[in-house]
Structure formats: structure tokens, C-alpha cells
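Student: Here's a structure for you.
Nothing in this text is a laboratory measurement; each read-out follows from the coordinates by a stated rule. Everything quoted here is computed from the prediction, not taken from an experiment. Because the Cβ atoms are built from the backbone with ideal geometry, glycine has one as well, and the counts that use them run over all protein chains shown.
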Amino acid sequence: MQAHPPLIDPKQTYASVTDKISSMVLTRRTPLYWILGLALSFSLVLVLTVCVTYLFIKGVGIWGINIPIAWGFAITNFVWWIGIGHAGTLISAILLLLHQKWRTSINRFAEAMTLFAVSCAGIFPLIHVGRPWLAYWLFPYPNTMALWPQFRSPLLWDVFAVSTYATVSALFWYVGLIPDLATLRDRAEGKVAPVIYGMLAMGWRGSARHWHRYETAYTLLAGLAAPLVVSVHTIVSWDFAVSLVPGWHTTIFPPYFVAGAVYSGFAMVLTLAIPLRKFYGLEGYITDKHIDNMAKVMLATGLIVAYGYLIEMFVNWYNGNVFEHYMLLNRMTGPYWPAYWALITCNVIIPQLLWFRRFRTHPGVLFIISIIINIGMWLERFIIVVTSLHRDYLPSSWGMYIPTRWDLGTFFGTIGLFLTLLFLFIRFLPVISIFETRELLSEEKDANT
Amino acid sequence: MTAATTYGLMAEFDSPEALLAATRSAYAEGFRRMDAYSPFAIEGLDDALGPHRNWLPLLVLLGGIGGGLTGFGMQWFANVVHYPLNIGGRPFNSWPSFIPITFEMTILAAAGVAVLGMLALNGLPMPYHPVFSVPRFELASRQGFFLCIEAEDPKFDLQKTRSLLEALKPVGVYEVAPW
């Protein structure tokens, strides 16, 4: 058997890993590429602000949506962002439960990515409701109208699923940060930083009793987050599958959505991890082994997604329903055919390169493949949302959806928001879990002696 | 009571193994009021401090059950008692469609209890604690491993405990200022 390459440089010590990771936050000099990156991302946030402000003034008519295509970019983007978040939870929770040690150096920023992706996702349903100032009507609360939300609707299940997911992801992330915040408190200089980190660390002192309860809480949270993450995208898929629209009303949707979510999420983790490790010199922490493993997960989930496409086609052909037949034909050859074939190229054909080790361990190639998969998964949601709605049962009610500049501005604006939050996170909090790296180092030392 | 003049004595070690061994010998000497501090969780260290009941899993279970019952109860109350709507003769208590929200509420409450319960049982937030008065203690979040025997322990004696700790080959032994 091949000896497995080390997940961490064995020459490192507890002090050196602590100093290296915390120096990214505590160093006084802000790198120029960080400032440029933040400036670029933040200008997209300004675009988002303009788009949303204009939307609040004029209403959803500024978008390309209409009847029959009432769900346009907003829902496409919502599903895409939520899906991206799923890889973070998978890495932090499911890989923890499976004792996959390689998760250690990527879990922190993957969790941050989850949190920021969910924040971007949450914007879309809220601004799509038309009267966003009444969005709180989605929640059950005692009100003078004596009304309740419709508990039997998948759209309301979605409200509960996504808000629970956002809350649990935030808790998981924060709990994971507490010991590292204590490290920053003890190492930060100046007057303000130690106080802020100190308050956030809540007086963590590394007591053995505390560690014991901490690990219990962390494992339990992982155990709770694992089924949660599966439930969230399942419920998102029910938004579609519980309706009677051709192309939506199918039982393959939940598993296929969950696999697609993990697929796009890992693609996003790679899109972020590859530049991050290059610019901050983290090759000793995010090793080629990590990159290779993530590429393998991407290949596996990509194949599940491809299988989903195949079964969808088969069931469409086999069920003998003329509306379903037409839907499939329309997807492949109708007005949106370029998007469909681009989706197949991005999600099914190009990722087959990941079978080769050479591509899985080449950061440049992998970075490009991961971006292609991100685009492919966005197109998949666009195809599902738009092609099913634009031509359903009644040909007299067919229509076309063409996104406007406001649709595009809002979408790219959320990408800016996502990147802005990530840039701030990289600057102010440790991107790699310091205490888990120390623990990993201790385990590797034990294994070698 | 010596508690008025000192919180306890703290010994610093340079490896997790040394801290674990020191904690075991301190326990064997009969010390009970003590705590060990380390920059990461060390397997067996909690047990070395003596038997201890961890209430957290039970609390999380109760939290989850409570959350699930609340979630289902809310939907049942809204649809059966408070605002029943007859839609095509379907049952008011259409429980299968209440399951997703029940599930989400179970997870939400259990996760909330796991985090708040962990903090509460650990007595956090507690911004100041006597151990922070030792200057070297800031290494407890980097590469230092510490054992603190508290003055409240009936066997505590400033001189005897100090020589005992020094026999364990620590990096240093420090006196911890009281509250």
C-alpha cells in the first residue's frame, strides 16, 4: 500500500502553527492584493444596493419575470447559493463524524463560506416576495389578523429549513472559533484588538473540563448538522417537486438536489482554496492531498448528478406523459437549448477530466474546472426553473423569460457581497482552525513515534 | 483557609504527555480541586482529573424533544384548533405535511441547547479568571500545558504542594493570585 502523504509538515510545532495562522490576522500590514480584492468586491455590493433600492421603489416588474415565468433569477440564485453552502456543512460535520482528518485545514473557511452563501441566498426570496417589508408574515407569530402561515406548503417548510440552517451554521462556526479567539486575544497587540477578541472568546481558558464539554457539544452539533444539511436541499427541491409542473413533479429531485448542492459547494471551496493557499503561502496546510480529495468528492457527486440527469430523461420517456415528453424535447431543442447544452458540457463532460490524477493535483487546471462546475450548476437551476415554467400545459399561456440588467446586477451584486464578507473574514479571523491544527499535529506525532 | 492569599499553584509543562502524567500523579496524591489547561483537547485529561458527570448529551436530547413537540404542536394548534380550514374535505390534522417543520424545529432547539448548554455548564462567558493573572498563562492558547491545584483543596499546602509539583519536572511553578 502507498504510504499516505502527511496532512501537515512534520517539522511544525504547536507554537509555529499558532504563529503562522494567527499572523495572517494579527500582522499590521494589510496586503495590497487584499485591498484590491475588497475594493472590487465592495463595488459589486454597491451595485447590489442600487439594484435592490430601485427594486423597492419600482417593484419586481424591473426584472424579466412575468406570468408564466414568475420564478426567474431570484429562485435560480437562491437555490444556487444554498447549494454552495452545503459543502461547508458537509466538510465540517459529516467529515468530522467520519474521522476524516484532512478536513481540519479547510473546515473553518468552508463553514464561513456556508454562512456567507446562506446570507446571499436569503436575500432572494425576501426581495422576490414583492412587498419585502411584509416578509415577516412568513413566520408564525401571534397577530391581530389571527392568521397563520400555510404550514402545508413547501415554501413555508423552506422558511423553517433555511432559517434553521443559517442559525445552526452560525452557531457551529462560532463555537469552532471560540478557542481560536482566545489565542488571538492572548497574542493580539494594541488596546482595541485584545478587548474585542477577548469579548468574543468569552473568557475561554482551555480548562480540561471545558474542553470535554466543548468536544461533546461540537460532536453533537455535527451530528445535528449532518441530517439538517440533507433536509435543507431536500426541502428546497420540494418547492419544485410538490408542484404539478412538467419537469418538476418527480421523486428524483431530493437526492439529485442534495448531490448537486455538494457538487457545487466543493467546486466553490476549491475556487476559494486554490487562490487562498497561493496568496497566503498555506501550501503546508492546504496540501495537494486536500486538493486531490476535494476533487474526488467533486467527481463522485458529479457522477451522481449526471445519473440524475439520465434517470430524469429515462422516466420522462418511460412514463408516456406527453407534457413530460415535450418538456424534455423543449429543454434540449427549444429556445433555451444553448443553456441546456452548456449545462451538460460544464457539469457532465468537462468534470470527467477529474478521473486523471494529473488534473486533480494541478491547482491551475482544477481552479478552472471548479469555476466551470460553478457555472454549470447555476445553469442547471436556471434550466429547471425557466424551461419548465415557460411552456407548460396551455400553449396559449407560453412565454419567454429574458433577464434584465437588474436581474444581472442583483446576481453579480450578491457575488460581491459573498466575496466582501470572505475578504473581511480572512483579515479578521483565522481561516484555518488553529486548535484543530495543533490537535492534528499532536496526533501525527503520536502516529510517528 | 488559605484562599484569601492565593488561588492556587500552577505548574507549566511542555507536552501533553507530561501534563497528563502530572495530572494523574496529583490525583493519586489525593488532590481533587484542580484543573488542567491546554491549547487543545487532550484525550484522557478530563478523566485524569477525576470522575465527572457530563450532563450535556441529556440536555441536548431534551432540547430536541422539546423543539420537536413545540414544532408539531404549533402546526397542530394552528390547523386543528385555532384556524381550521376545510380544503376539499382533507383532514385538519394532516400530520405528514407537518413533519418537515417538526424536524427543523427539533434540530434548531437541540443545536441551541448544545451551544448554550455547553457555555452555561462551563460557566462562560467569564472574562476574568484568577489563572489569567499568571503572565506565562497566555501560552495556554499556544504551546503551554498547565496544571493548577487550587488552594481550596483540603490537602493544599503552599510549601508541600509546591515541592510536589516541582518533583514532576515542570517548566516552572507559579503562584496564582486570588480573585
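Student: Out of all Cα-Cα pairs in the protein assembly as shown, roughly what percent, to the nearest whole number, are more than 41 Å apart?
Tutor: So the pairs more than 41 Å apart make up 34 percent of the total in the protein assembly as shown.
Student: Between B:F145 and residues 5 or more places away or on another chain, which pairs have amide H atoms under 5 Å apart, with H built 1.01 Å from N, and which residues are they?
Tutor: For B:F145, the qualifying residues are B:F13.
Student: Could you tell me what fraction of 2.2 N^0.38 Å the Cα radius of gyration of segment A:9-60 comes to, as a two-decimal ratio?
Tutor: 2.02
Student: Over the Cα atoms of segment A:310-410, what Rg and Dmax result, in angstrom?
Tutor: 16.6, 53
Student: Of A:A259, A:T13, A:I286, which is farthest along the charge dipole of chain A in the positive direction, counting Lys and Arg as +1 and Asp and Glu as -1 at C-beta?
Tutor: A:T13
Student: Which one of A:L310, A:L366, A:I35 has its Cα pushed farthest toward the positive end of the charge dipole of chain A, where Lys and Arg give +1 and Asp and Glu give -1 at the Cβ?
Tutor: Projecting each Cα onto the dipole axis, the largest value belongs to A:I35.
Student: Could you give me the ³J(HN,Hα) list for segment A:223-239, computed from phi with Karplus coefficients 6.51, -1.76, 1.60 and θ = phi - 60°, whole Hz, x at Gly and Pro?
Tutor: Computed from phi, the couplings for segment A:223-239 are x, 7, 6, 4, x, 4, 5, 5, 5, 5, 6, 4, 5, 4, 5, 5, 3 Hz.
Student: Right, here's the next one. To the nearest 10 degrees, how steeply does helix A:434-448 sit against the main Cα axis of chain A, on a 0 to 90 scale?
Tutor: 70 degrees
Student: Then there's this: Which one, B:I101, B:I65, B:I87, has the greatest fluctuation when you compute a Gaussian network model over chain B with C-alpha springs under 10 angstrom?
Tutor: Comparing B:I101, B:I65, B:I87 in the GNM, the peak value goes to B:I87.
Student: With θ taken as phi - 60° and the coefficients 6.51, -1.76 and 1.60, list the Karplus ³J(HN,Hα) couplings across segment A:159-167 in order, rounded to whole Hz; mark glycine and proline as x.
Tutor: Rounded to whole hertz, the list is 4, 5, 5, 6, 6, 5, 4, 4, 5.
Student: Something else now. Counting only other chains, what is the mean number of Cβ atoms within 10 angstrom of the Cβ of each residue in peptide B:118-130? Walk me through the numbers before you get to the answer.
Tutor: Values: counts 11, 8, 1, 5, 13, 4, 9, 8, 4, 7, 2, 4, 0.
Mean shielding count: 6.
Student: Still on this structure: How large is Rg over Rh for segment A:1-128, taking Rg from the Cα atoms and Rh as the Kirkwood inverse mean of 1/r across Cα pairs?
Tutor: Rounded to two decimals, Rg over Rh is 1.12.
Student: For A:H249, A:H86, A:H390, which order do you get if you count the other beta carbons within 10 Å of each Cβ and list the fewest first?
Tutor: So the ranking, lowest neighbour count to highest, is A:H249, A:H390, A:H86.
Student: Under 1.5 on a/c is rounded, so check that first for segment A:253-328, then, if it is not, pick prolate when a/b is larger than b/c and oblate when it is not; a ≥ b ≥ c are the square roots of the alpha carbon gyration tensor eigenvalues.
Tutor: Prolate, since a/c reaches 1.5 and a/b exceeds b/c.
Student: Once the Cα gyration tensor of segment B:56-121 is diagonalised, what are the square roots of 5 times its eigenvalues, in whole Å and ordered largest first, as equivalent ellipsoid semi-axes? Intermediate values should be presented prior to the final figure.
Tutor: On the way: eigenvalues 193, 17, 10 Å².
Calculated on Cα positions only, the semi-axes equal 31, 9, 7 Å.
Student: Another question, if that's okay. Using only the alpha carbons of chain B, what is the convex hull's orientation-averaged projected area in square nanometres? Walk me through the intermediate numbers first.
Tutor: Details: hull surface 56.4 nm².
That works out to 14.1 nm², a quarter of the Cα hull's surface.
Student: Name the most mobile residue of B:E104, B:E166, B:E152, meaning the one with the largest mean-square fluctuation, in a Gaussian network model of chain B with Cα contacts below 10 Å.
Tutor: In this elastic network of chain B, the residue with the biggest mean-square fluctuation among B:E104, B:E166, B:E152 is B:E104.
Student: Peptide A:136-147: average number of partner chain Cβ atoms within 10 Å per residue?
Tutor: 1
Student: Using a simple charge model, +1 on the beta-carbon of Lys and Arg, -1 on the beta-carbon of Asp and Glu, nothing else, what dipole does segment B:30-179 show about its Cα centre, in debye to the nearest 20?
Tutor: Details: 10 positive and 12 negative charges, 38 e Å.
Taking the Cα centre of segment B:30-179 as origin, the dipole is about 180 debye.
Student: For helix A:32-58, report the angle its Cα long axis makes with the longest principal axis of the Cα atoms of chain A; keep it between 0 and 90° and round to the nearest 10°.
Tutor: Its long axis makes an angle of about 30 degrees.
Student: Considering only Cα-Cα distances, which of the following residue pairs are longer than 29 Å: A:K191/B:K169; A:K11/B:K160; A:K445/B:K169?
Tutor: Those over the limit are A:K191/B:K169; A:K11/B:K160.
Student: How would B:W95, A:W148 line up from fewest to most surrounding beta-carbon atoms within 10 angstrom?
Tutor: Starting with the residue having the fewest Cβ neighbours, the order is B:W95, A:W148.
Student: At 20 °C and a viscosity of 1.002 mPa s, what translational diffusion coefficient does Stokes-Einstein give for segment A:202-286, taking Rh as the Kirkwood radius over Cα pairs? Give it in µm²/s as a whole number.
Tutor: Details: Rh = 16.5 Å.
It comes out at roughly 130 µm²/s.
Student: Counting other beta carbons within 10 Å of each residue's own, what order do A:R331, A:R187, A:R29 fall into, fewest first?
Tutor: Ascending number of Cβ neighbours within 10 Å: A:R29, A:R187, A:R331.
Student: Putting +1 on Lys and Arg Cβ atoms and -1 on Asp and Glu Cβ atoms, find which of B:L61, B:L20, B:I101 reaches farthest to the positive end of the dipole of segment B:1-110.
Tutor: Of B:L61, B:L20, B:I101, it is B:I101.
Student: Let me ask something else. Pick from A:I35, A:I344, A:I368: which residue has the top mean-square fluctuation in a GNM of chain A where Cα pairs under 10 Å get a spring?
Tutor: Comparing A:I35, A:I344, A:I368 in a Gaussian network model of chain A, the most mobile one is A:I35.
Student: Right, another one. In peptide B:139-148, what is the residue-averaged number of other protein chain Cβ atoms found within 10 Å of each Cβ?
Tutor: Going residue by residue through B:139-148 and averaging, the value is 6.
Student: Ok, one more. When the Cα atoms of segment A:341-381 are enclosed in a convex hull and the volume is divided per residue, what value in Å³ results?
Tutor: It is 47 Å³ per residue.
Student: With +1 on the Cβ of every Lys and Arg and -1 on the Cβ of every Asp and Glu, and nothing else charged, how large is the dipole of the protein assembly as shown about its Cα centre, in debye rounded to the nearest 20? Numbers along the way, then the final one.
Tutor: Working: 41 positive and 38 negative charges, 203 e Å.
Rounded to the nearest 20 debye, it is 980 debye.
Student: Quick one: 3J(HN,Hα) in Hz for segment B:97-109, Karplus 6.51/-1.76/1.60 with θ = phi - 60°, rounded, Gly and Pro as x.
Tutor: Result, ordered by residue: 7, 8, 5, x, 5, 4, 4, 4, 5, 4, 5, 4, 5 Hz.
Student: Any chance you could check the Cα centroid distance between segment A:140-184 and segment A:367-438 for me, in angstrom?
Tutor: 21 Å
Student: Can you list which of the chymotrypsin sites (Phe, Trp or Tyr not before Pro) found in segment B:58-161 are DSSP loop residues with at most 14 other C-beta atoms within 10 Å?
Tutor: B:F92, B:Y128
Student: Measure nothing fancy, just the Cα-based angle from helix B:56-76's long axis to the longest principal axis of chain B, in degrees from 0 to 90, nearest 10.
Tutor: Its long axis makes an angle of about 20 degrees.
Student: Now, a different point. Report the FRET efficiency, 1/(1 + (r/R0)^6), for A:S23 and A:E443, where r is their Cβ-Cβ distance and R0 is 30 Å, rounded to 0.05.
Tutor: 0.80
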